[in-house]
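The values are calculated or read from the model by the stated rules, or taken from the named source; none is laboratory data. Just so it is clear, the structure is predicted and the values come from calculations on it, not from any experiment. Neighbour counts run over all protein chains shown; Cβ positions are idealised from the backbone, glycine included.
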Amino acid sequence: MDMNQQVGVPQGASSTHRWVLWAIIIVAAVAVAWGAYQYRGEEPIENDIEMMDADTGMMGGSENTIPMHAKVTVEVTDTGFSPSTVVIQKGDEVEFVNKRVVPVWPASGAHPTHLLCPGFDSLKGLATGETYSFTFTEVRECPMHDHLAPAFKGMISVKEASAMKGGQ
Ligand SMILES: [Cu+2]
């Protein structure tokens with residue numbers, strides 16, 4: 001007589017069901033851990049501009065460049081833009097996301113006129129979670145700041161596609 005067997009319960013079906021539940025929980029936990037690990041990998045990268053070669057304008061090291069994407073997301077947090085330096089190709093889009101509890105207003109330099117990169121200006125404060133996107137079509141250095149917190153600064157460096165390492 002098996003002491004562990006409960007009378008009246010079809011043990012095979014019951015334990016299989018329990019194992020399936022555990023498997024789902026374990027898979028979910030691994031997925032969450034992996035997600036957190038991926039997120040940690042996207043720490044802000046700062047001061048890229050200082051590492052540029054004065055003669056060629058090329059970036060000094062590939063580990064300091066933002067991966068190439070047609071669309072780059074920049075978060076505005078309580079410590080400023082993240083990342084604060086963005087290197088993109090002409091025609092790429094930058095999306096700003098307000099991660100603060102107060103409004104943020106991404107705009108081109110120079111404060112307060114915002115005329116260095118015409119059109120790059122959200123023209124209003126973004127609410128928490130709200131986004132603003134701008135497509136950069138001219139090759140140039142675009143200083144950026146939060147119009148409502150001008151100490152928050154950054155740089156969007158718009159390159160010709162051929163000037164990017166491993167350009168597409
Ligand atoms: Cu401003």
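One line per residue, one yes/no per condition, for (1) within 16 Å of Lys159 (Cα to Cα); (2) in contact with a Gly (Cβ under 9 Å, 6 or more places away or on another chain); (3) of a type in the set (Val, Ile, Thr); (4) within 16 Å of the ligand (Cβ to nearest atom):
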| position | (1), (2), (3), (4) |
| --- | --- |
| Val72 | yes, no, yes, no |
| Thr77 | no, no, yes, no |
| Phe81 | no, yes, no, yes |
| Leu126 | no, no, no, yes |
| Glu141 | yes, no, no, no |
| His145 | no, yes, no, yes |
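Based on what the data block shows, is Glu160 modelled with pLDDT of 95 or more, surrounded by fewer than 18 Cβ atoms within 10 Å (Cβ to Cβ) and away from the ligand (no atom under 16 Å from the Cβ)? Taking the combined requirement at face value, the residue does not satisfy it. Inspect segment 85-101 for any residue being within 14 Å of the ligand (Cβ to nearest atom), among the charged types (D, E, K, R) and touching a strand residue (DSSP E or B) at 6+ places or on another chain (Cβ under 6 Å) and give the result as yes or no. No, every residue in segment 85-101 fails to be within 14 Å of the ligand (Cβ to nearest atom), among the charged types (D, E, K, R) and touching a strand residue (DSSP E or B) at 6+ places or on another chain (Cβ under 6 Å).
Cβ-Cβ distances below 6 Å connect the following pairs, each with a first residue in segment 127-140 that is surrounded by 12 or more Cβ atoms within 10 Å (Cβ to Cβ) and charged (D, E, K, R), a second residue that is part of a strand (DSSP E or B) and at pLDDT 95 or above, and a separation of six or more residues or different chains: Glu130/Asn98; Arg140/Val158. Against the test of being in contact with a His (Cβ under 8 Å, 6 or more places away or on another chain) and surrounded by fewer than 20 Cβ atoms within 10 Å (Cβ to Cβ), the options Pro118, Pro112, Pro106 yield a single qualifying residue, Pro112. Taking first residues from segment 108-123 that are outside the structural domain of Thr135 (by TED's automatic domain parsing) and partners that are modelled with pLDDT of 95 or more and within 11 Å of the ligand (Cβ to nearest atom), no Cβ contact under 9 Å between residues at least 6 apart in sequence or on separate chains turns up. The lone criterion from (1) within 14 Å of Gly154 (Cα to Cα); (2) more than 16 Å from the ligand (Cβ to nearest atom) left unmet by Phe120 is number (2).
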